[in-house]
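The values are calculated or read from the model by the stated rules, or taken from the named source; none is laboratory data. Everything numeric in this text was worked out from a predicted model, so none of it was measured. Note that we place each Cβ from the backbone using ideal geometry, even for glycine, and neighbour counts take in every protein chain shown.
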Amino acid sequence: MLTLPRIIDRPQTPYFALKRTVTLPFDNEIPAIMTTLRLGLETRNIAPAGPVFFKHNVIAMPRIEMEFGVPIERLLPAEGEFVSGILPSGRYAEVTYLGPYDDLMEVNGLLIIWARELGHVFDARPEDGGEWFANRAEIYHTNPEDDTASTASRTTVSIKLKDL
């Protein structure tokens, strides 16, 4: 089930993440990535300030440069394989999906089609044989390590629009 797509305003948000380049499908890599992220948070005594997100930085299918992270209360220095930054404020096209994670590629596609048909322009540009995004994320309100085909899984797909 999909909510109706919408445009919302998001504030800037500090975050902490593990940066990786993955190749689709990467489902088998998620448990190790999430364990490393969890250990990175615990070692630094960082409490997440919101749900886990998978941020798609550069998409050059089937390869994606991603950050697997969480919002945090304040910006921290990057360290080793971990990055820290600010998710930009601005207008975002969003849709929330209730259903299995396997459907998220189609959900992303539907949101992109909807936004483009209404004339919205994403904060994106061509880069490295693919497309760079200021902030394109899947926000996991349920555990992304649970790969079952659960209709209870809730994920928001959010893509920043170009500033007016």
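Against the conditions (1) surrounded by 16 or more Cβ atoms within 10 Å (Cβ to Cβ); (2) over 16 Å from residue 145 (Cα atoms), where does residue 23 fall short? Just the number, please.
(1)
I want to confirm something. Restricting to the range 118-133 and keeping residues that are charged (D, E, K, R) and farther than 11 Å from residue 93 by Cβ, which single residue is surrounded by the most Cβ atoms within 10 Å (Cβ to Cβ)?
Step by step, filter the range 118-133, then rank; the result is 131.
Please return the ranges of strands (runs of 3 or more DSSP E) entirely within the range 32-151 where 2 or more residues are free of Cβ contacts under 8 Å to residues at least 24 places away in the same chain.
It comes to 124-127.
Check whether at least one residue in the range 50-61 is at pLDDT below 95 and either touching a Gly at 6+ places or on another chain (Cβ under 9 Å) or not polar (S, T, N, Q) (or both), and report yes or no.
Within the range 50-61, one or more residues are at pLDDT below 95 and either touching a Gly at 6+ places or on another chain (Cβ under 9 Å) or not polar (S, T, N, Q) (or both).
Is there a residue in the range 88-108 that is surrounded by fewer than 15 Cβ atoms within 10 Å (Cβ to Cβ), under 21 Å from residue 16 (Cα atoms) and small (Gly, Ala, Ser)?
yes
For the range 39-46, check the following and say yes or no: at least one residue is more than 27 Å from residue 91 (Cα to Cα) and under 15 Å from the mean Cα position of the chain (by Cα).
Among the residues of the range 39-46, not one is more than 27 Å from residue 91 (Cα to Cα) and under 15 Å from the mean Cα position of the chain (by Cα), which makes the answer no.
Only one residue in 93, 32, 60 is within 19 Å of residue 156 (Cβ to Cβ) and of a type in the set (Gly, Ala, Ser), so which one is that?
After ruling out the rest, the residue left standing is 93.
For the range 26-42, how many residues are surrounded by fewer than 17 Cβ atoms within 10 Å (Cβ to Cβ), farther than 23 Å from residue 102 by Cα and hydrophobic (A, V, I, L, M, F, W, C)?
So the answer is 1.
Out of all the residues in the range 134-160, which are surrounded by 17 or more Cβ atoms within 10 Å (Cβ to Cβ) and touching a helix residue (DSSP H, G or I) at 6+ places or on another chain (Cβ under 9 Å)?
The answer is 136, 138, 140, 144, 153, 155, 157, 158, 159.
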